[in-house]
Amino acid sequence: MCFYPSGNEPIDGCMKVLLVEDHVVIRQVFADAIGLMPGYEVVGGASTLKAAQEIYQRTKPDIVVLDINLNGWSGLEFLEFLREQQSPTQALIFSGVTDRNVLERALSLGAHGIVEKTDTLPELTAALAAVANGRTYLSPTVAKVLGRKTIRPDVVDLTPREKEVLMHIAKGLGVADIAVKLSISSLAVEEHRRSLINKTGLISQAELVKLGVRLGLIQGG
């Protein structure tokens, strides 16, 4: 079950994420990053096709983050498995593969996004948020390999209240202070913060400040 970072209040509609990656350290880094995103929960990690299939059947994840070059097998096999299952699970490829034919094959098998392992962690969490919201995501690195335009949610569709919360977060205010400023509950602030992260994939204060500047909500320093 997912909880708000600032307390023990559970979140409804948690997005379940399965990580398929044979490097334990990389898997843990991404799991830690997901742990900072309200509304997302890592339900398992796998390094073999059999383990990935077993965890999938047991947990029915909403999203699978998948490497392609795995120890003795290819992540494309798991994409084929998802297709055979007629699964609604969204697949995000996170791989060091730069072979255009392989990446095109991943897209043809139903991958909803591709991020290269040399991309930044914010790029990865932004891709996760985009895929979770039903959008396609190709990082600039991958788009260049494929000879396509970058597909990223650069224009963020935020509600007026989300923009207000973002503005105050970017100014350094905490949840309680924002609640007082906007005359709403702390839980409501957490809901809006969760929505911001889900829509943008941005986690850190610095990233949110940059978004606030880009949207004209605060002045750049």
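Values quoted throughout were computed directly from the atomic coordinates according to the rules given, and no laboratory measurement underlies them. This is a predicted model, so every value here is computed, not measured. Cβ: placed from backbone, ideal geometry, glycine included. Neighbour counts: every protein chain shown.
Descriptive notes on the structure:
- Residues I26, I34, arranged from fewest to most other Cβ atoms within 10 angstrom of their Cβ, appear as I26, I34.
- Note on the chain: with a GNM built from Cα contacts shorter than 10 Å, the maximum mean-square fluctuation among E104, E21, E190 falls on E104.
- Across the chain, Cα pairs under 8 Å and at least six residues apart give a relative contact order of 15 percent.
- In degrees, nearest ten, helix 121-132 long axis to first principal axis of the chain (Cα): 80 degrees
- Taking 0.36 nm per residue of sequence separation and removing the Cα-Cα distance, the R105/T120 pair yields an extension gain of 3.0 nm.
- The chain: angle of helix 75-84 to the longest principal axis, Cα-based, in degrees nearest 10: 90 degrees
- DSSP bridge analysis restricted to the range 15-146 gives an antiparallel fraction near 10%, rounded to the nearest 5.
- Within the chain, antiparallel bridges make up roughly 15 percent of the DSSP beta bridges whose residues both belong there.
- Furthest towards positive pole of dipole, S195, G75, T59, structure part the chain, Cβ charges: S195
- Approximate shape of the range 15-146 as ellipsoid semi-axes (Cα gyration tensor, √5λ), whole Å, largest first: 19, 17, 14
- Residue exposure sequence - L217, L70 - by fewest surrounding Cβ within 10 Å: L217, L70
- Taking all Cα pairs closer than 8 Å and separated by 6 or more residues, the relative contact order of the range 15-146 comes to 21 percent.
- Assigned charges on the beta-carbon of Lys, Arg, Asp, Glu; the chain dipole about Cα centre (debye): 520 debye
- Comparing V209, V42, V29 in a Gaussian network model of the chain (Cα springs below 10 Å), the most mobile by mean-square fluctuation is V29.
- Candidates F30, F78, F94: whichever shows maximal mean-square fluctuation once the chain is modelled as a Gaussian network with Cα springs under 10 Å: F30
- Spherically averaged projected area in nm², based on the convex hull that wraps the Cα atoms of the chain: 12.5 nm²
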